[in-house]
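Below: the structure, in structure tokens.
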């Protein structure tokens, strides 16, 4: 302790057992052997001391064989507060005189030793008149004597005094398991303030609970912005676009290759929109038989056709009322249905099959396609006017080959997901395996990557996924001409462990060349520790 300037240990027989620093000063030792001074010091515990025009504090701590005196410069919290805060006096005065937080102090015998001036005036007492008297003789309905006898605090109690109700707290003051007294404070001007505070707290708790349920409901809806895994620049741009577009009521067209996650984008748009509390209805136009597309989208009346429900049925647009309808693979929608869809988008009116009563429907439209709609328009397979209706805002979902650095995050997410699903430990994936995956073109995008990770999870040896796991058990028929490392991987001439080690070293060397020898960047990109990188490079840390 930099503030400790000396120590003195004195036995019960007043003999010095140990002295150091200022404790060796004869003047200090003389005080420590003075019975009256020590009795006062034990009671107060903290005594001021001046030596050679310097101020110190003496803290007295009893122990089995006597007393320990610690001499410090002025660093004890109370004295430090008084010496370091220029307006400390004003703070203490405010605490003692505040009419809404007045103080009453009693000793161990429940006798008044202090009462704030405002309370003296309230009780009609002259200054100091109540000191030394039993607290019950001075303060009506007090329980400070009870607190002193039981040692239990009473907080937020109502106390009636001279026909006025106050909210008070009563707290015992304890040292070394001995009750020294108690402090009573008026917390509020009256119980009406407590009631107002209680009502405010209840309102806030109700709001917090509502928000908690809202968040839980959003999570139950499966997809949100957090499900778009990746920290690459293309993914950051995608997430920023979603955040900006989601609150708007403008139709959105999501374009992207198969397997890029267009459905996740649609869900994120809905969950971040004002319509989040209503339904999001999904329709895969490519999966609907041509004969059912119209009835599925627009619904039908009772008896509209053979086999129809006797009560009729709402179409998907009616089901999406006040919510969002997501038309996936809209490029595969038949032309005759496109005409009816155009009318719905123009007028927000749906007419069921077999019906003659138009129904107004309020919905947000989100569509998606992996087709080039411009080409379909030129081939007269998609209506130009419909294209303009669905594409005021267009979101491009980047293919996996354009965000290779996200593979590390995606693989970790998929492994955790699959491990939790099957109740098995999450395997570790080696740096070589990650590098191997990052060399592939991924025509099937994120969906293909997930399938490969799930297959590797099954065949991982000793809880580790290596390049060999993907090579031996993966399905890379659609990976393209360059499926792995730039040089063919030899599986001969050593144990599997040695082959994997050679592969990892080769991957690290190529990465070192690619990033100009920046070891920190290489370690981050390969998802390995700096120490493991140094090991592969054969360099000391």
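The values are calculated or read from the model by the stated rules, or taken from the named source; none is laboratory data. All values derive from a computational prediction rather than experimental measurement. Backbone-built Cβ (ideal geometry, glycine too); neighbour counts: all protein chains shown.
Within the stretch 234-250, none of the residues are under 11 Å from residue 395 (Cβ atoms), surrounded by 22 or more Cβ atoms within 10 Å (Cβ to Cβ) and touching a strand residue (DSSP E or B) at 6+ places or on another chain (Cβ under 6 Å).
For every residue, the table says whether it meets (1) at pLDDT 90 or above; (2) assigned to a strand (DSSP E or B); (3) within 30 Å of residue 156 (Cα to Cα); (4) in contact with a helix residue (DSSP H, G or I) (Cβ under 7 Å, 6 or more places away or on another chain).
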| site | (1), (2), (3), (4) |
| --- | --- |
| 1 | no, no, no, no |
| 8 | yes, yes, no, yes |
| 17 | yes, yes, no, no |
| 31 | yes, no, no, yes |
| 41 | no, no, no, no |
| 47 | no, yes, no, yes |
| 50 | no, yes, no, no |
| 78 | no, no, yes, no |
| 90 | no, no, yes, no |
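Collect the residues in the stretch 475-522 that are at pLDDT below 65 and surrounded by 13 or more Cβ atoms within 10 Å (Cβ to Cβ), keeping them in residue-number order. Listed by number, the residues that qualify are 476, 479, 483, 484, 485, 489. At least 3 residues being buried (at least 19 other Cβ atoms within 10 Å of the Cβ), touching a residue at least 60 places away in the same chain (Cβ under 8 Å) and in the same structural domain as residue 266 (by TED's automatic domain parsing) is the threshold, and among the helices (runs of 4 or more DSSP H) wholly inside the stretch 385-472 not one reaches it. Scanning the stretch 334-361 for residues that are closer than 18 Å to residue 376 by Cα and either assigned to a helix (DSSP H, G or I) or modelled with pLDDT of 85 or more (or both) gives 335, 336, 337, 338, 339, 341, 342. Among the residues of the stretch 348-359, those identified as touching a residue at least 12 places away in the same chain (Cβ under 8 Å) and surrounded by fewer than 21 Cβ atoms within 10 Å (Cβ to Cβ) are 348, 349, 351, 353, 354, 355, 359. For residue 366, the conditions (1) part of a loop (DSSP other than H, G, I, E, B); (2) touching a strand residue (DSSP E or B) at 6+ places or on another chain (Cβ under 9 Å) are fulfilled apart from (1). Residue count for the stretch 176-193 under the criterion of being closer than 16 Å to residue 102 by Cβ and either at pLDDT 60 or above or crowded, with 17+ Cβ neighbours inside 10 Å (or both): the result is 8. When residues in the stretch 276-315 are screened for being at pLDDT 90 or above and either within 19 Å of residue 343 (Cβ to Cβ) or surrounded by 20 or more Cβ atoms within 10 Å (Cβ to Cβ) (or both), 2 of them pass.
Looking only at the stretch 244-257, residues that are closer than 21 Å to residue 325 by Cβ and in contact with a helix residue (DSSP H, G or I) (Cβ under 9 Å, 6 or more places away or on another chain) come to 8 in all. Could you tell me whether the stretch 365-379 includes any residue that is within 21 Å of residue 250 (Cα to Cα), exposed (fewer than 13 other Cβ atoms within 10 Å of the Cβ) and either under 41 Å from the mean Cα position of the chain (by Cα) or in contact (Cβ under 8 Å) with a residue 40 or more places away in the chain (or both)? No: the stretch 365-379 contains no residue that is within 21 Å of residue 250 (Cα to Cα), exposed (fewer than 13 other Cβ atoms within 10 Å of the Cβ) and either under 41 Å from the mean Cα position of the chain (by Cα) or in contact (Cβ under 8 Å) with a residue 40 or more places away in the chain (or both). Check whether at least one residue in the stretch 149-172 is touching a strand residue (DSSP E or B) at 6+ places or on another chain (Cβ under 6 Å), part of a helix (DSSP H, G or I), at pLDDT 90 or above and within 30 Å of residue 61 (Cβ to Cβ), and report yes or no. The answer is no, given that none of the residues of the stretch 149-172 is touching a strand residue (DSSP E or B) at 6+ places or on another chain (Cβ under 6 Å), part of a helix (DSSP H, G or I), at pLDDT 90 or above and within 30 Å of residue 61 (Cβ to Cβ). How many residues, within the stretch 379-411, are in contact with a strand residue (DSSP E or B) (Cβ under 8 Å, 6 or more places away or on another chain) and more than 25 Å from residue 330 (Cβ to Cβ)? Selection size over the stretch 379-411: 1.
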